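Worksheet: the structure to be examined is printed underneath.
The values are calculated or read from the model by the stated rules, or taken from the named source; none is laboratory data. Predicted, not measured: the structure shown is a model, and the values here were computed from it. Note that each Cβ is placed from the backbone with ideal geometry, even for glycine, and that neighbours are counted across all protein chains shown.
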C-alpha cells in the first residue's frame with residue numbers, strides 16, 4: 001500500500017548511512033572522499049550516484065529535495081540558495097536567445113524585475129497576460145513561445161489563476177508549464193496534478209515557517225529537473241547543507257502549521273470583511289473572492305495570506321502599519337509570527353504606478369501574513385490599528 005505524501009515528507013531519508021540516528025544527521029562538508037581511483041572515476045562518469053561535491057549534491061540537501069518532491073507529487077527536484085535563484089534557474093535552463101516567455105501579469109516584484117530587466121539582455125522576449133482572463137491567453141502565444149510561467153495565489157493581490165486552464169493551454173502548444181507555488185505550498189495545492197511540468201518554491205517562506213533561513217527549490221518532471229541540475233551545477237546557486245537540514249525538519253510540520261495558518265487567516269478575513277475602514281478585502285476561501293469557485297476547486301485550503309485595501313490610500317496604509325503593536329513589519333512572510341506589509345512601497349516599489357495599477361496593487365493595499373498566534377490576539381491588533 002502506498003504511503004500518503006505527508007508521511008513521506010516526514011519519513012524519507014536520503015543520508016545513505018548505516019547508523020541508527022532517528023533524526024537525520026547534518027552533513028556539513030564541501031566534498032566527499034572516495035575509496036579508490038576507480039570509484040572516483042565512475043562517480044564523475046555518472047556510473048553511480050555517489051556524492052562528489054556539495055555544490056552538486058549533498059545528503060542533507062537531497063533529503064529536503066526528496067521530501068518536497070514527494071509532497072508535490074513530482075518525479076525529482078533540485079534545491080537552490082533562494083526562491084529567486086530557483087525561478088532564475090528554470091528560466092535560464094530552458095530559455096535561449098529568440099525564445100518567448102508567456103507570463104501572468106500579477107507576479108512577485110523581483111520576478112517581474114528578472115523578466116523585464118534581465119531576460120531581454122539575453123534576447124528572451126516576454127508577454128504578460130491577465131491571469132483572470134484565460135480566454136485571452138491563446139492570442140498571446142507566439143511560434144517561439146516556450147514556457148508559461150504563473151503564480152497562484154498571486155503576490156500580493158491573491159488573484160487565483162485557473163491551473164487546469166493553464167495546463168490545457170500548455171499541452172495544446174507544447175509549452176513548459178512552470179508554476180510558483182510559494183503562497184499555497186504543496187499542502188494547499190499541487191499544480192502537478194493539473195499538468196504543471198515544473199513547480200518552484202521560495203522555501204524561505206511557509207516551508208521554513210520560522211524566518212530562519214533562505215532556500216528555494218524546483219521540482220517536476222525528471223528529464224526537466226536534469227537540465228535544471230546541470231545548469232545549477234555549473235552556475236552554483238546551491239542550497240547550503242545546514243539550510244537544507246533546517247528546511248527538511250520544517251517539512252515534517254508543514255501540514256499541521258498550514259492548517260493553523262489557514263484557519264487563522266479565514267477567521268481574520270471573515271471578521272474584517274465589511275469593516276468601515278476597509279474598501280475591499282480578499283481571501284481565496286471567502287465567497288466574495290472573484291475567483292472563489294476556482295480556489296475551492298484547486299486548493300485544499302485558502303492559505304495564510306489576507307489582503308485588504310484601506311480607505312484613504314497611502315496615508316492610511318502608513319498610519320495602519322505605525323499603529324500595529326504586535327504584528328511585525330518585515331519583508332518576509334510565512335512566519336509563525338504575523339506580519340503586515342505595504343506592497344506598493346516595499347516588495348513592488350520598483351514597478352511603475354501603471355504596472356502596479358494593472359495588477360491591483362493600490363496605494364492603500366495591506367498584506368497580512370497570518371501567523372500561529374491565537375487568532376483573537378491577531379485580530380485585536382489589526383482592529384485597534386484600524387481605528
(Q) Quick check on the range 310-338: of everything there that is crowded, with 21+ Cβ neighbours inside 10 Å and under 20 Å from residue 362 (Cα atoms), which residue is nearest to the chain's Cα centre (by Cα)? (A) 333
(Q) Tell me whether the range 225-238 contains one or more residues that are closer than 30 Å to residue 343 by Cα and in contact (Cβ under 8 Å) with a residue 24 or more places away in the chain. (A) yes
Q: Report whether or not residue 169 is crowded, with 23+ Cβ neighbours inside 10 Å, modelled with pLDDT of 95 or more and in a helix (DSSP H, G or I).
A: no
Q: Looking at (1) touching a strand residue (DSSP E or B) at 6+ places or on another chain (Cβ under 6 Å); (2) exposed (fewer than 15 other Cβ atoms within 10 Å of the Cβ), find the lone condition where residue 293 falls short.
A: (1)
Q.
Being surrounded by 15 or more Cβ atoms within 10 Å (Cβ to Cβ) and either at pLDDT 75 or above or part of a strand (DSSP E or B) (or both) is the filter here; which residues of the range 347-359 pass it?
A. 355, 356
Q.
Of the residues 204, 185, only one is surrounded by 23 or more Cβ atoms within 10 Å (Cβ to Cβ) and on the phi > 0 side of the Ramachandran plot; which?
A. 185
(Q) Only one of 344, 354, 349 is in contact with a strand residue (DSSP E or B) (Cβ under 8 Å, 6 or more places away or on another chain) and farther than 22 Å from residue 184 by Cβ. Can you tell me which? (A) 344
**Q.** Filtered residues of the range 26-57 (kept if surrounded by 14 or more Cβ atoms within 10 Å (Cβ to Cβ) and in contact with a helix residue (DSSP H, G or I) (Cβ under 8 Å, 6 or more places away or on another chain))
**A.** 26, 27, 29, 34, 50, 51, 52, 54, 55, 56
Q.
Criterion first (at pLDDT 90 or above, part of a loop (DSSP other than H, G, I, E, B) and more than 28 Å from the chain's Cα centre (by Cα)) does residue 47 satisfy it?
A. yes
Q. Would you call residue 360 on the phi > 0 side of the Ramachandran plot and not assigned by TED's automatic domain parsing to the domain that holds residue 116?
A. yes
Q: Would you be able to say whether some residue in the range 58-73 is within 11 Å of residue 216 (Cβ to Cβ), touching a helix residue (DSSP H, G or I) at 6+ places or on another chain (Cβ under 7 Å) and not in a helix (DSSP H, G or I)?
A: no
Q: Please go through the range 98-132 and pick out each residue that is touching a helix residue (DSSP H, G or I) at 6+ places or on another chain (Cβ under 7 Å) and in a loop (DSSP other than H, G, I, E, B).
A: 105, 130
Q. Name the residues in the range 371-382 that are within 15 Å of residue 340 (Cβ to Cβ) and either under 24 Å from the mean Cα position of the chain (by Cα) or in contact (Cβ under 8 Å) with a residue 60 or more places away in the chain (or both), would you?
A. 371, 373, 378, 379, 382
Q.
The conditions are (1) surrounded by fewer than 17 Cβ atoms within 10 Å (Cβ to Cβ); (2) closer than 30 Å to residue 9 by Cβ; (3) at pLDDT below 95; (4) within 25 Å of the chain's Cα centre (by Cα), and residue 133 fails exactly one of them. Which is it?
A. (2)
**Q.** Matching residues, the range 138-166, being surrounded by fewer than 24 Cβ atoms within 10 Å (Cβ to Cβ), assigned to a helix (DSSP H, G or I) and touching a strand residue (DSSP E or B) at 6+ places or on another chain (Cβ under 7 Å)
**A.** 140
Q: Give the range 278-326 a look and list any residue that's within 22 Å of residue 345 (Cα to Cα) and either part of a helix (DSSP H, G or I) or not assigned by TED's automatic domain parsing to the domain that holds residue 371 (or both), or say none.
A: 313, 314, 315, 316, 317, 318, 319, 320, 321, 322, 323
Q: Return yes or no: is residue 335 closer than 25 Å to residue 375 by Cβ and assigned to a helix (DSSP H, G or I)?
A: no
Q: Could you list, in sequence order, all residues of the range 172-194 that are out of contact with any strand residue (DSSP E or B) (no Cβ under 6 Å at 6 or more places or on another chain), farther than 17 Å from residue 217 by Cα and assigned to a loop (DSSP other than H, G, I, E, B)?
A: 174
Q) Which members of the range 216-247 meet the condition of being surrounded by fewer than 18 Cβ atoms within 10 Å (Cβ to Cβ) and outside any helix (DSSP H, G or I)? A) 221, 236
Q: Scan the range 103-130 for residues that are surrounded by 15 or more Cβ atoms within 10 Å (Cβ to Cβ) and over 19 Å from residue 357 (Cβ atoms) and jot them down.
A: 110, 114, 119, 124, 125, 126
